Each structure stands twice: as structure tokens, then as C-alpha cells.
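Reviewing the structure listed below.
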Amino acid sequence: LFFSSADIPEIPESISFCRALQVADFSGNPLTRLPESFPELQNLTCLSVNDISLQALPENIGNLYNLASLELRENLLTYLPESLAQLQRLEELDLGNNELYHLPETIGALFNLKDLWLDGNQLAEIPQEVGNLKNLLCLDVSENKLECLPEEISGLTSLTDLLVSQNLLQVLPDGIGKLRRLSILKVDQNKLIQLTDSIGDCESLTELVLTENQLQSLPKSIGKLKKLNNLNADRNKLTSLPKEIGGCCSLNVFSVRDNRLSRIPSEISQATELHVLDVAGNRLMYLPLSLTTLKLKALWLSDNQSQPLLTFQTDTDPETGEKILTCVLLPQMPSEPGCQDNLPRCGALESLVNEMSDETWNERAVNRVSAIRFLEDEKDEEDNEMRTLLRRATPHPGELKNMKKTVENLRNDMNAAKGLDSNKNEVNNAIDRVTTSV
């Protein structure tokens, strides 16, 4: 039966007569309950009742002992009945985005469970019995209120994906190092203050996401992760990186944006597969020369300078008398479209272009007075006041290119015109000579 999003207000009790029913999908309907007779469908293997405002499961839901997949995402469930532990053949259980505050200890009895989604609930803890799920491949407990994970999580020896994003974790249990098949670990948006040394024993780890925590350092053991492909530790409080990071020989993407790093260890070059390095938003004063041996495809370095490129100076506005900050680039004229054809607006440029012969240019270059005058050696204050920096409006950087092109074009035109005049004079001289001879 496939009745998803069909505006069904209620499932009749008579559905229990569908004794051979194996797959049923009632997701996305305005239902609030399942009929009491529903657990009589003992041949049911797959049941999907996502997003139906379900507030409770039938207490005897465990009678569906052939159930292999149970999807209950986006409902209003606040608890799970004890009989759920009877679903011994269950391989997939999706309880994401409900209102669960407590997970029963009997969850550990679902020995064949391979995928367990508990994300988007209100869980403050995970029972230690979860460590009995020896066949579990994926555990998602993101977006809960977990302050710790049980040490017994080490029993999840088949686990490949562990997602604990957006919780309140300060540490990870040391037992996590026994998850030798773990490939993806996401602990972003928690409160981690340190990363356990045992992380280096997760030999199959390919992706480690530590974004938005409070880590001040990474353990040296991280260099043992030979299969690690993606390491993201953005927005932490890292002040240094261990030189052992170079041991991550398969590392392809390494991002430590928005931390407090003052240097990158030269050993990073030992991670020869590194193609993307993001160190923006740190306090780097330099990069190691060894980076040149890497075949980087992307490198982010912005927001690392400790001081502005141009220092500001205090001054007084001559019109208002207000104390202001200024530098050699201020004031700056606004950019306007079509300025390359608007020479009268660029008065300084116009005066340079008019009558621009090489002789005139050189003469002006010798005699012109610079608008910028710098203070000379220490003299009396009166002399200093007379020789302060004079400022003129600085063109917008976008206009400078256009102004340069305009000068070049006019110069070329004038040179061409000069050439024509020269040829004309030669012709006239020749005619005069001929006339004189005659």
C-alpha cells in the first residue's frame, strides 16, 4: 500500500484483514494515530509513517516481528513503548525530528539494527546498552542535548558513520578509538575543549569534522590517520598545529579557518595529496617554504594581517574643525560609469593631456610642484605647521585604469597627428625647392 500525501484522515481498523501486506507507506497524511489492530499485520516488513503528526505508537507495536524497516521521522513522539525491543529483525529505525526526551534501555536488544537515526530530538543522554548493537553501521544523534557519549559506544565495532553534530559535548569517550571501521565522524557545533588521543586509533577514518568547537590544540595522534581525506576544524581556538599532521598522507582538504594560528608547521608538506588548504582568519605572519612542494589547487590566506596595510593619521577637518582620521588615499572620488569619456571631470588628467608633446611633458616634469609635501628633519613647530601634508582628491581605483587608457589613446593620436604634420612640412619644403629652382 502506497498512500503517501493522499489526504487520508484515518486508517480504518479493518486494515488488519490485509494479512499478506508487506510494505505500507502512509507518510505525509493528516493522521494522528495508528489503529490498535495495526500490529496484527504480522507479515509487514517495511512501514513508513513519516510526517503524520503521530503522537504515540501502539503499545503492542512489537507484534510486528517481521518488520525490517520502520520510518517514524517528523512526528510528535515523546516516548517509545517497551515492546519495541521485540522487533528482533529490525535493521532500519528512523526516529529523527520527534520530541523524544528519553531512549529506553531496551534499544540495545535490537541486535540486527544497522541504521539508527535519532537526530532532531531532545535527548540528554544515550543509554549504555546502545553498545550492544554490534551490527550498527550508522548512528545519527545530531541536534540533541547530549553532554556526553557513553564509554560503551566502543562496542559498536561495525560502525562506519557517527554523527553527533549540534550537541553539548565537551569530550569524546576514549572508547571511540576502538571503532576501527569508523569512516565518518562529525562532531561540529559542540563544546569540545579537547580531542581524545585515541582518535588516532580510528584507522579507517576518512572524514573528520570538528567545526565550531573550543579546541585549542589537536592531538599528535592525529598523524596516525593515514586514510583521512577531509579534516575541518574551522572556528575553534587553535593556537598551533602538531607537526605530526604531515602524517595524514591521504589528506586532500584541510581547513582551519578562523582560529588563532600564528604558524603552519613545515611538516604539512609531507601530506603530499593536499590540494585545498584554508588558513583564512588566523594570525599567520608567514608560510613555510615547504608549501611550494605541494600541488595546491586552492589556498585561502585572507584576514591574517595583524595591522592594516595603510595606517591612519589624525587630522582636523578645515570646514568643521572636527577631529578626523585620514591617509594618503583619502579623499577618494566615487566611481561613475563612462568616466573614460568624461575628460572634463578629470581636470588634472585634462591639463596633462593638452598640448602633450614630449618636450612639453619633460619641461613640466622638471618644473611641476608635487601636491604632496613631507615633513623634513625636526624644526620648530611653526615651520612644521607650514609644511604639513597637502591632500588632493584621489581618483577611484577603477577610474585610474580608464584614465591611463585615455592618456595613451590621446598620446597615440597626437603622435600620429605630429607625423602627418611632419610629412606635410616635408612636401611643402620640396615644392618650395622646386619653385626656387625654376
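The values are calculated or read from the model by the stated rules, or taken from the named source; none is laboratory data. Predicted model, so just to flag it, every value in this text is computed and none were measured. Note: ideal-geometry Cβ built from the backbone for every residue, glycine included; neighbour counts use all protein chains shown. These area figures cover heavy atoms from the full protein model, side chains too; ligands, DNA and RNA do not enter into them. Shrake-Rupley method; radii C 1.70, N 1.55, O 1.52, S 1.80 Å.
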Original post:
In the stretch 37-55, what residues are over 20 Å from Ser5 (Cα atoms) and touching a residue at least 24 places away in the same chain (Cβ under 8 Å)?
Top reply: Ser37, Pro39, Glu40, Leu41, Gln42, Asn43, Thr45
**OP:** State yes or no: is Leu133 more than 17 Å from Leu159 (Cβ to Cβ) and in contact with a helix residue (DSSP H, G or I) (Cβ under 9 Å, 6 or more places away or on another chain)?
**Re:** no
**OP:** Report yes if Ser4 is over 23 Å from Phe111 (Cβ atoms), in contact with a strand residue (DSSP E or B) (Cβ under 6 Å, 6 or more places away or on another chain), open to solvent by 50 Å² or more (accessible area, probe 1.4 Å) and not in a helix (DSSP H, G or I), otherwise no.
**Re:** yes
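Could you tell me which of the residues Leu103, Leu136, Leu93, Leu123 is open to solvent by less than 60 Å² (accessible area, probe 1.4 Å), in a strand (DSSP E or B) and in the same structural domain as Arg19 (by the TED database)?
Leu93
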Original post:
Out of the stretch 272-297, which residues are touching a strand residue (DSSP E or B) at 6+ places or on another chain (Cβ under 9 Å) and more than 17 Å from Leu261 (Cα to Cα)?
Top reply: Leu274, His275, Val276, Leu294, Leu296, Lys297
Original post:
Is the stretch 28-46 home to any residue that is farther than 24 Å from Leu163 by Cβ, open to solvent by 20 Å² or more (accessible area, probe 1.4 Å), in a helix (DSSP H, G or I) and of a type in the set (D, E, K, R)?
Top reply: yes
Original post:
Among the listed residues Ala56, Ala68, Ala20, Ala6, which satisfies the condition of being in contact with a Lys or Arg (Cβ under 6 Å, 6 or more places away or on another chain) and either hydrophobic (A, V, I, L, M, F, W, C) or at pLDDT below 90 (or both)?
Top reply: Ala68
Original post:
If you take the residues of the stretch 161-171 that are hydrophobic (A, V, I, L, M, F, W, C) and open to solvent by 10 Å² or more (accessible area, probe 1.4 Å), which of them is nearest to the chain's Cα centre (by Cα)?
Top reply: Leu163
Subject >> Criterion (under 29 Å from Asn132 (Cβ atoms) and in the same structural domain as Asn121 (by the TED database)) met by exactly one of Pro30, Pro58, Pro9 >> reply: Pro58
Subject >> Flag for Leu277 being free of Cβ contacts under 8 Å to residues at least 40 places away in the same chain and in contact with a Phe, Trp or Tyr (Cβ under 6 Å, 6 or more places away or on another chain) >> reply: yes
Subject >> Among residues of the stretch 65-77, those that are open to solvent by less than 70 Å² (accessible area, probe 1.4 Å), part of a loop (DSSP other than H, G, I, E, B) and within 14 Å of Leu54 (Cα to Cα), counted >> reply: 4
Original post:
In the stretch 225-260, how many are surrounded by 17 or more Cβ atoms within 10 Å (Cβ to Cβ), within 17 Å of Gln194 (Cβ to Cβ) and charged (D, E, K, R)?
Top reply: 2
**OP:** Kindly provide the set of residues from the stretch 7-27 that are in contact with a strand residue (DSSP E or B) (Cβ under 6 Å, 6 or more places away or on another chain) and open to solvent by 30 Å² or more (accessible area, probe 1.4 Å), ordered by number.
**Re:** Val23, Asp25
Original post:
What single numbered condition from (1) closer than 22 Å to Leu179 by Cβ; (2) over 31 Å from the mean Cα position of the chain (by Cα); (3) modelled with pLDDT of 95 or more fails to hold for Trp117?
Top reply: (2)
**OP:** Identify all residues within the stretch 261-279 that are under 27 Å from Ile184 (Cβ atoms) and open to solvent by 20 Å² or more (accessible area, probe 1.4 Å); write none if there are none.
**Re:** Glu267, Ser269, Gln270, Thr272, Glu273, His275, Val276
Subject >> Residues satisfying the stated conditions in the stretch 280-323, i.e. exposed (fewer than 10 other Cβ atoms within 10 Å of the Cβ) and among the basic types (Lys, Arg) >> reply: Lys295, Lys323
